[in-house]
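The values are calculated or read from the model by the stated rules, or taken from the named source; none is laboratory data. This is a predicted model, so every value here is computed, not measured. All Cβ positions, glycine included, derive from the backbone under ideal geometry; neighbour counts span all protein chains shown.
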Amino acid sequence: MNLERAHQIHGWMAEDELEWLAQQASTHKRIAEIGSWKGRSTRAMADNLSDGAVIVAVDTWVGSDEDAHHAELNVQPNGWLFDEFKRNMNGLSPFKVQPFQMTSIEAAHLLKDARFDMIFIDAAHDYENVKADISAWKPLLAEGGLLCGHDYGTWPGVTQAVDETVGSVRLAAFTIWEKV
């Protein structure tokens, strides 16, 4: 797995999680990533995609209500985070990563007729937003596709929302959950 560029991007994705995402990306053709931040996980997946595969990266790129986001973003100019994401995607084929700068719910509505064989949810970490993200994106999962996400077991809102809306999951790598 090629993780060299992903390692250079600040984020909260652990090594085994990056490796798992890279492996999954190598076997999927149409991936939706809900929550991209600076692109650490996006890059791990993008650098390991097969030919013709694509990632739809959905984020507002304005951060969420979490303290870690505010501390960093409050000292940056407007638009800085999205510019940082785009810089971190430099060198990729122009169609490999397609950013959608909007809320998860807006993007799910816009893409309502699309189907993805992998959906990775890692946006806001509070119960209501995670539940809304899963509910909005689950119908866009292709039959037999992989529904997964980040921070299960570390954020109570994530764990509760996943348990209620997805049902039976297993930990695939550290805090990455996947539907069984």
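Contact map, the range 129-152: first residue free of Cβ contacts under 8 Å to residues at least 40 places away in the same chain and over 13 Å from Glu164 (Cβ atoms), second residue surrounded by fewer than 17 Cβ atoms within 10 Å (Cβ to Cβ) and of a type in the set (A, V, I, L, M), Cβ cut-off under 6 Å, separation 6 or more or different chains; pairs are Ala136/Ile105.
Out of Ser93, Ser26, report the one residue that is polar (S, T, N, Q) and at pLDDT 95 or above.
Values: Ser93 fails: at pLDDT 95 or above.
Going through Ser93, Ser26 in turn, just one is polar (S, T, N, Q) and at pLDDT 95 or above: Ser26.
When the range 67-99 is filtered for residues that are among the polar types (S, T, N, Q) and in contact (Cβ under 8 Å) with a residue 24 or more places away in the chain, the ones remaining, listed by number, are Asn88, Gln98.
All told, Asp65 meets the bar of being closer than 18 Å to Trp80 by Cα, charged (D, E, K, R) and more than 12 Å from the chain's Cα centre (by Cα). Within the option set Ser64, Ser36, Ser41, being polar (S, T, N, Q), farther than 14 Å from Gly11 by Cα and in contact with a helix residue (DSSP H, G or I) (Cβ under 9 Å, 6 or more places away or on another chain) holds for one residue only, Ser64.
Any residue in the range 96-114 that is hydroxyl-bearing (Ser, Thr, Tyr) and in a helix (DSSP H, G or I)?
Step one: list which residues in the range 96-114 are hydroxyl-bearing (Ser, Thr, Tyr), which gives 103-104.
Filter once more, so that each one left must be in a helix (DSSP H, G or I): 104.
Yes, because at least one residue in the range 96-114 is hydroxyl-bearing (Ser, Thr, Tyr) and in a helix (DSSP H, G or I).
In the range 52-100, the qualifying residues are those that are farther than 21 Å from Ala114 by Cβ and charged (D, E, K, R), and the one that is surrounded by the most Cβ atoms within 10 Å (Cβ to Cβ) is Glu84.
Restricting the range 1-13 to residues that are surrounded by fewer than 21 Cβ atoms within 10 Å (Cβ to Cβ) and under 14 Å from the mean Cα position of the chain (by Cα), which is farthest from Asp47 (Cα to Cα)? Only one residue tops the list, namely Trp12.
For the range 137-153, check the following and say yes or no: at least one residue is surrounded by 15 or more Cβ atoms within 10 Å (Cβ to Cβ), charged (D, E, K, R) and under 20 Å from Asp117 (Cβ atoms).
As a first pass, look at the range 137-153 and keep what is surrounded by 15 or more Cβ atoms within 10 Å (Cβ to Cβ): 137-138, 140-142, 145-152.
Retained after the next criterion (residues that are charged (D, E, K, R)): 138, 151.
Adding the requirement that they be under 20 Å from Asp117 (Cβ atoms) leaves 138.
Yes - at least one qualifying residue is present in the range 137-153.
Test Asp133 against the stated conditions and say whether it is in contact with a Ser or Thr (Cβ under 7 Å, 6 or more places away or on another chain) and more than 24 Å from Glu4 (Cβ to Cβ). Yes.
Based on what the data block shows, is Ile105 of a type in the set (Val, Ile, Thr), surrounded by fewer than 20 Cβ atoms within 10 Å (Cβ to Cβ) and in contact with a helix residue (DSSP H, G or I) (Cβ under 9 Å, 6 or more places away or on another chain)? Explain how you work it out, then say what you get.
Details: of a type in the set (Val, Ile, Thr): yes; surrounded by fewer than 20 Cβ atoms within 10 Å (Cβ to Cβ): yes; in contact with a helix residue (DSSP H, G or I) (Cβ under 9 Å, 6 or more places away or on another chain): yes.
Yes: the conditions hold for Ile105.
Within the range 108-118, being charged (D, E, K, R) and surrounded by 15 or more Cβ atoms within 10 Å (Cβ to Cβ) holds for one residue alone: Asp117.
Counting only residues that are surrounded by fewer than 15 Cβ atoms within 10 Å (Cβ to Cβ) and either within 19 Å of His7 (Cβ to Cβ) or not acidic (Asp, Glu) (or both), how many does the range 20-51 have?
Taking the range 20-51 first, the residues surrounded by fewer than 15 Cβ atoms within 10 Å (Cβ to Cβ) are 27, 50-51.
Narrowing further to those that are either within 19 Å of His7 (Cβ to Cβ) or not acidic (Asp, Glu) (or both): 27, 50.
Looking only at that region, the number is 2.
Out of the range 75-95, which residues are out of contact with any Ser or Thr (no Cβ under 7 Å at 6 or more places or on another chain) and outside any loop (DSSP other than H, G, I, E, B)? If the condition is that a residue be out of contact with any Ser or Thr (no Cβ under 7 Å at 6 or more places or on another chain) and outside any loop (DSSP other than H, G, I, E, B), then Trp80, Leu81, Phe82, Asp83, Glu84, Lys86, Arg87, Asn88 are the ones that fit.
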